[in-house]
1. Restrict the search to segment 193-224; then list the trypsin sites (Lys or Arg not before Pro) that DSSP places in a loop and that have at most 12 other Cβ atoms within 10 Å of their Cβ.
2. If I model a spin label at residue 187 and residue 145 as a point 7 Å from the Cα along the Cα→Cβ vector, what separation in nanometres do I get?
3. Taking 35 Å as R0, compute the FRET efficiency from the Cβ-Cβ separation of residue 70 and residue 213 and round it to 0.05.
4. What residue among 13, 38, 51 has the largest mean-square fluctuation in a Gaussian network model of the chain, using Cα springs under 10 Å?
5. For the chain, what number of Lys pairs, 8 or more residues apart or on separate chains, have alpha-carbon atoms under 15 Å from each other?
6. Helix 14-23 sits at what angle to the longest principal axis of the chain, using alpha carbons and giving 0 to 90 degrees rounded to 10?
7. Nearest-5 percent of antiparallel DSSP beta bridges in the chain?
8. Tell me which residues come under 5 Å, amide H to amide H, from residue 130 once H is placed; ignore anything under 5 positions away on its chain.
Amino acid sequence: MTADITFDLAAAPLRELNAALHQATGESNARRWRVLNPNGRHAVAAGVNAPLTIEVDGHVGYYCAGMNQQARVIVHGNAGVGVAENMMSGFVHVKGDASQAAGATAHGGLLRIDGNASARCGISMKGVDIIVQGSVGHMSAFMGQAGALIVFGDAGEALGDSLYEAKLFVRGTVKSLGADCVEKQMRDKHKALIAQKLEAAGLSGGIDISEFKRYGSARKLYNFHIDNADAY
């Protein structure tokens, strides 16, 4: 990428980078940014609300691209806890692995992780689409409300525990399903949904969608049943 602005975190503080990104509009300001030497710093490119492209050359710490709106944030490395946490829109791409709670509580946008994601990936997701080309850890999509989690590899224990209406697709094995999460029939509309999400993430070629299995809510946990009244 030929950047309009290059910001070296070895020479200037993170606070200055984020302040500059918060002031950028994407119209009169430069739209392509390159961030050097992140060295695991926390909250890199957090709170951006402009149609910028931000490439980070290296590993980042907690909450990179948290609360993102509109921006494309590409991390050429691994990401710590809560990457794209509470994202509203835009695209976040981690080219390495992600730690716990990737995409937590995110309302929209697309999070792509080329490697593995640790525990609680997509916890309380509220509309985000998350694509993990590796595997995810335990309790992923816990209390997932809306959006889609697509996993090319395996899923750990208690996938989709206390799930609401998020859609889960896993190509590999699932160690165990959480409370009220069940395997469901994969219909043509669900295959089309996966194809649409993969294309949006730049992953449309050479993937056999028929290998994925679909998981969702049994809708027993969050609906009131008179036979269970004593349990409330």
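1. Values: sites: 197, 213, 214, 219, 220; in loops: 219, 220.
Hits after loop and neighbour filter: 219, 220.
2. 2.5
3. On the way: r = 33 Å, r/R0 = 0.96.
Taking R0 as 35 Å, the efficiency between residue 70 and residue 213 is 0.55.
4. Highest fluctuation among the options: 13.
5. The number of close lysine pairs in the chain is 12.
6. Computed tilt is about 80 degrees.
7. If I count the DSSP bridges inside the chain, around 15 percent turn out antiparallel.
8. Placed amide hydrogens put 111, 148, 149, 150 under 5 Å from residue 130.
Bear in mind that the values in this text are calculations on the coordinates, not laboratory data. Values in this document were obtained by computation on a predicted structure and should not be read as measured data. Please note: Cβ atoms are built from the backbone with ideal geometry, for glycine as well, and neighbour counts cover all protein chains shown.
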